[in-house]
Amino acid sequence: MKNNPVQIVLNVSDYISIPETNPGGKNTDFYANNDNAFASHKQKILSTAYTIKNTINENPNSSVFAHVTLQSEALAKSHRPIRSIFPTGKVEYVGGGQLGEMLVELNSKNIDAVLSAIEKAETKTTLVEKDGKISPKPSRNKSEVGAISEIRLHQLSDKRNFSIEKAIEWLSDIRTGGVYFIETFFDLNKDTTVSSLSNLEEMALSFDNKLKNLDQRIQVLRSNPEWKDIAFYAIKINEEEIKNEQLHKKIITFFEQQSIVKKIHLSPILENSNSTIEINNEEFFTIPTPNESTYPIVGIIDSGISKTSNLNAWSAGEINFIDDELQDSSHGTFIAGLISAGAALNKNTPQLQETPCKFYDMGLFATDPNEFRKLFPKGFYDFLQQLDFEIPDAKKHGVRIFNMSLSMSLPVEDDSYSFFASVIDEISDNHDVIFVLPAGNLDSAFSRDPWPSTPEDILAMLAKYRHSGKDRILQPCESIRSISVGALEPASEVNALKPSTYTRRGPGPALGIKPDLAQVGGFSKLDAGLYSVNPAGNKVSGCGTSYAAPLVAKSLAILNSSIEGNISREVLISLLIHNANYPKPLNKKELLPIVKDFMGHGIPSATNEIILYDDHSISLVFSGTLKAKQELKFDFTWPASLINEKGGCRGDVALTLAYTPDCSYKYGHEFVRTNIDCYLRQAEIEKETGEIKYKGRLKSETSKIYERSMIENGMKWWPTKKYKGAFKSIGNSSSWRIVVDSLSRAASTLPEEGINFSAILTISDPKKESDIFNEVRRNLISQGISISDIRAAATIRTII
């Protein structure tokens, strides 16, 4: 019986300290014993740098921006060329692009120093002998020059990936607001610290002045100054000029000629693309009425919820923003039906048998294009501003979890993080809320074949898919503060669940895990197998990731309401992900890299299974804040009942981490600026010295080969991490340790206030023989460790 609650360690701060630091790594010679190759490479880099100097000499009072691409073996922080070639304080590091690509500002004040540093790199391999071993010992200059693959100037192709004709066609859709978004290397409102050798501030002022006089037929706006980490210009073309080709050419040519401009973006189109099909026009479904005084509440940011759908009793409030007569509220009503009556409407679907929730109706999405244009004249930008404005009132009604089953018609990109996702992150942080977003749907022409049953057939089906690369998740679902959801086809048993034919796939930018989770979204056929109600109150069938997302939002809202007080977002997210699983047929080693792109961490468990465990398991939560150079180090004893006579430890182990990193979209692939990782280590006594060392026992510590591999397989730089192990008999010590530490990108530091994190460790007896819960709990209490039932933890901490 599951009656033991998750335990949270209340005095986590007692175990956070500044550890002894190890000396930094030595310089690496990437061309050791290959002097001719290095001499040729150095000359190539030097020649490019002189070409850049010639460009600078043409306009010595300005700056140019260069891409510095690193060798694949030189992606680690210690290899970055920021100490000798492009030293911090002399060369401004202004952003990034692909993995291992730095963008730097070069000008007449620093280019000679860059050239001199390159020239100082010795072309001969320097060898030294130590302890009878001969090894290369390069200068820092040679190491950094060797780490660089190429240097090139920021080009027109970097600034724009669409034609003038495409721009006119796209912006003619009134839902775009006729807006170009301009991303620059500098923003006067946000960037306040630059090197004295930088021209950025002067260039930004000059750009701003030119922009004011560009053309009277456009409106120039800047991003909301309250969004501290987002900086862009919005250029709106007057409606009557939207098809004026000469005006578009003038605008684009102007921005392409401004070296401070990084990229020109087209305004996205916000859509909901799900369909509902009437099962029986005469079948009015009677929604069960609430029988308790309080229920969890989910905010529904959508097309509004019909007042005639028999859902009124489940409403916790609404905003009156759009005229109901102009709205098609079927999409929002279907979602509200799933939130409040999903179990009653889908009795044969186990995944929907959760506690009902109330909803707060945030009907912001205007389904009539003309109405959308009137309400949001600058398109999605205005929509986000209005959303930001409405959140505080929703929170007053008890809403913390918001389902936004809307997406843009733009796929995520490998080398960039959209500033629309950045805005969602900013709103999430400012209001301490969590958004749940859909992965997006494929049009029928791009749908995949149904998933077969065997791994071999699944791999063959995906290999034959003709539209590979066109089925990526849609923006802003890559938002790292949010939970994004893929869709599964319904099944009577969880093990039969499979990704739908229409659900979009990850990964997210920087090879990150997106979507985060998956839920039932219906079949793409006449009877979708997922049921809710239409605006008239009739039972209907529908499919789409838009309908999978609210089921996860519902789980989060129930989880949030199960814990007294205000628990951190990191704890909520880590609990949800920690208890997510793949269906058994898909939980195969050869399938996991693929399944991850469709289902993220898996299907969430029912809320009572997240909070409560049986006697044979215990889950411990460590929630805290790490500041610069700090680490958490928590020692504990392995359950005695899981230790054999030789001292070997057994048991099933799961370790999950969620944290809220500082991030910036301007760094492209490297937009996450801080990595936090969590390790499970076991004490080991070295036979020769008798010294006690702790050895990593989960995959997170045993796969550190190259930076790219760590990112792709080890989830480095991604804000959620999950590891599992099945120990048969490991080591010979009962002393174990949990460690949580941090790492910042090159030229970055942890924010002064630190980074919030939540780590969860579960230890289980797979034989289900031992009382692990009480054994571990008694042991921890005897050591003076303060632990509590997580359901009351937030209240207890407040009292303490």
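The values are calculated or read from the model by the stated rules, or taken from the named source; none is laboratory data. As the structure is a computational prediction, the values presented were derived from the model and not from experiment. Glycine gets a Cβ as well: all are built from the backbone with ideal geometry, and neighbour counts include every protein chain shown. SASA here: full protein model, heavy atoms, side chains in, ligands and nucleic acids out. Shrake-Rupley method; radii C 1.70, N 1.55, O 1.52, S 1.80 Å.
Quick notes on this structure:
- Protection-proxy order for peptides 598-604, 258-264, 8-14, each taking the mean of Cβ atoms within 10 Å per residue, highest first: 598-604, 258-264, 8-14
- Solvent-accessible surface of the chain, averaged per residue with a 1.4 angstrom probe and all protein chains in place: 41 square angstrom.
- Here the dipole of the range 5-76 is about 320 debye; that uses its Cα centre as origin and unit charges on the Cβ of Lys and Arg (positive) and Asp and Glu (negative).
- Computed from label points 7 Å out along Cα-Cβ, the spacing between R737 and A628 is 2.5 nm.
- With contacts taken as Cα pairs under 8 Å and at least 6 residues apart, the range 48-123 reaches a relative contact order of 39 percent.
- Apportionment of accessible area to carbon and sulfur, the chain, percent (1.4 Å): 47
- Protection proxy ranking of 520-526, 219-225, by the mean of other Cβ atoms within 10 Å over each peptide's residues and highest first, is 520-526, 219-225.
- Pairwise label distance in nanometres, E256 with A536, each label 7 Å out on the Cα-Cβ vector: 5.4
- Note: relative contact order over the chain, using C-alpha pairs below 8 Å and six or more positions apart, is 15 percent.
- Expected 222 nm ellipticity per residue - DSSP helices of 4 or more, -39500 (n - 2.57), all of the chain, to 500: -8000 deg cm²/dmol
- The relative contact order of the range 322-370 comes to 45 percent, based on Cα pairs under 8 Å that sit 6 or more residues apart.
- Gain in span if fully extended, D158 to L127, counting 0.36 nm per residue against the direct Cα distance: 7.0 nm
- For the chain, a simple Cβ point-charge model (Lys and Arg +1, Asp and Glu -1, everything else neutral) yields a dipole of about 2140 debye relative to the Cα centre.
- Applying 1/(1 + (r/R0)^6) with R0 = 56 Å to the Cβ-Cβ distance of S62 and K584 gives a FRET efficiency near 0.35.
- Cα-projected label distance for A445 with H467, points at 7 Å along beta-carbon direction, nm: 0.8
- Which labelled figure in (i) 33; (ii) 18; (iii) 23 is percent of Cα pairs over 48 Å apart, once derived from the coordinates: (iii)
- Estimated FRET transfer efficiency when R0 is 51 angstrom, pair R778-L592 (beta carbons, to 0.05): 0.90
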